[in-house]
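Peer 1: Shown below is the structure under consideration.
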Amino acid sequence: MIKKIILGVVAALILIIAVYVFIKTRPSGDISIYREYYTNDTGEPKLNEVKVTFFGVSTLLFDDGETQILIDGFFSRPSMWKALTSKIASDTAQIDKMIASYKMNHVKGIFVTHSHYDHSFDAAYTTNKTGATLFGSVSTLNIGRGGGVKGEQLSLYKPYQDILLGKFTVQVIPSKHSAGTAQKDDGVIIDRPLSQPAKIKAYTEGGSFDFYIKHNGKAIYVKPSPNYIEGALDTIKAEVVFLGTATVAGRPASWPEKYYEQTIGKLKPSLLVPLHWDDFFEPLSSNLEMLPRLVDAGNKDFDFFINKTKADKIDFKILQGMQSIILFKK
């Protein structure tokens, strides 16, 4: 009798845990209710225009028709189960497909935001495949070395210095990783070559960075991690901002306002495009879902930024997976 009771309690606990996990891994919001903000330019960039294509998280391809720049280049997106229970390796077939499908045949630079796997995981293979230069922190370059990237293709970040790639000028700006994540490894450096397969915990943060990109007198700011260093953007302006929005609405009451003030309030763009809102444990598709409830409240994040940008007369546009926007149209 006691054995049956114990088995019944265990079964009930397992069921409760399963239900909890199921609920917490569901999307934290419904992205489809924001369809009016979706945008997708399917043409090619004309003179002085820049086409930007979004591949989820903060992977962005900048293309002016002559030169391409890639931020992060994370395409593999292994499932949560696989990522949390085993060593993983880049999905080379998926990366090859993306490179071919989106004609990434003149990528000159790959810039990695920080070295967590959802940003840096595919950096080595993508660098080797495209022949680009991999720009990054000590940690990111050790990921490159572990993946066999040649020394001449590795370039250590030198903050605030201009990097000239075709008509693009890129400055790397020191930043701060989101404080809302469970992995407490900010500043932990990958101090030796990291080869695959590897566990995701091997991909420590190693320093976070933003990117200030100029093209023919126009400026773009890419800020993937939803955090700020007070005063860091006081002297910078940008027409377009790609901004990390995840977890913002869930922070203490005054924090979202401060984040907005220290980013959009300083940069004063005419266009804001959100980043890092999608569930990167799901495959790359044209119908990305919001991050799980376990870590975010996606609708609240979007509502906050939509209300703020509307009040400030700033356009808010959403790029779904593999969708593009052409900037600086005449």
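Peer 1: Could you list which residues have their amide H under 5 Å from that of G56, counting only those 5 or more apart in sequence or on another chain, with H placed in the peptide plane?
Peer 2: So G56 has HN proximity to M322.
Peer 1: Give me, ordered by chain and number, the residues 5 or more places off A219 or on other chains with an amide H under 5 Å from its own placed amide H.
Peer 2: When sequence neighbours closer than 5 places are left aside, the close amide H contacts are E239, V240.
Peer 1: Right, another one. Compute the separation of the alpha-carbon centres of region 188-235 and region 79-118 and state it in Å as a whole number.
Peer 2: One Cα centre to the other: 16 Å.
Peer 1: Taking θ as phi - 60°, what are the ³J(HN,Hα) couplings along region 44-50 by the Karplus curve (6.51, -1.76, 1.60), each to the nearest whole Hz, with x for Gly and Pro?
Peer 2: Calculated HN-Hα couplings, in order: 9, x, 8, 3, 6, 9, 10 Hz.
Peer 1: Okay, moving on. Under a 5 Å amide H to amide H cut-off, with H placed in plane at 1.01 Å, what residues pair with T133 once short-range neighbours are removed?
Peer 2: G109, I110
Peer 1: Which of the peptides 85-95, 113-123 is most tightly packed, and how do the rest follow, going by the mean number of other Cβ atoms within 10 Å of each residue?
Peer 2: Ranked by mean Cβ neighbours within 10 Å, highest first: 113-123, 85-95.
Peer 1: Averaging sequence separations of C-alpha pairs under 8 Å and six or more residues apart, then dividing by the length of region 119-165, give the relative contact order as a whole percent.
Peer 2: 39
Peer 1: Which ³J(HN,Hα) values in Hz, rounded to whole numbers, follow from the phi angles of region 130-138 under the Karplus curve 6.51 cos²θ - 1.76 cosθ + 1.60, where θ = phi - 60° and Gly and Pro get x?
Peer 2: Ordered by residue, 3J(HN,Hα) equals 8, x, 6, 8, 8, 9, x, 6, 3 Hz.
Peer 1: Taking K201 as the anchor, which aspartates and glutamates have their alpha carbon closer than 13 Å to its alpha carbon, excluding any fewer than eight residues away along the same chain?
Peer 2: Counting by Cα, and skipping residues close in sequence, K201 has these aspartates and glutamates nearby: D118, D185, D186.
Peer 1: So for region 2-327, averaging the separation of alpha carbon pairs under 8 Å that are six or more residues apart and normalising by length, what relative contact order in percent results?
Peer 2: Contact order relative to length: 23 percent.
Peer 1: Expressed as a rounded percentage, what relative contact order does region 175-330 have, with Cα pairs under 8 Å and six or more residues apart?
Peer 2: 19
Peer 1: Output wanted: per-residue J couplings in Hz (rounded whole) for region 184-193, from phi through Karplus 6.51 cos²θ - 1.76 cosθ + 1.60, θ = phi - 60°, x for Gly and Pro.
Peer 2: Going residue by residue, I get 8, 9, 4, x, 6, 9, 7, 9, 8, x Hz, with x marking Gly and Pro.
Peer 1: Taking the highest mean first, how do the peptides 54-61, 260-267 order by number of other beta carbon atoms within 10 angstrom per residue?
Peer 2: Highest mean packing first, the order is 54-61, 260-267.
Since every read-out is calculated from the coordinates, none of them should be taken as a lab result. Owing to the predicted nature of the structure, the values given are computational and were not obtained by experimental measurement. Here the Cβ is made from the backbone with ideal geometry for all residues, glycine too, and neighbour counts use every protein chain on show.
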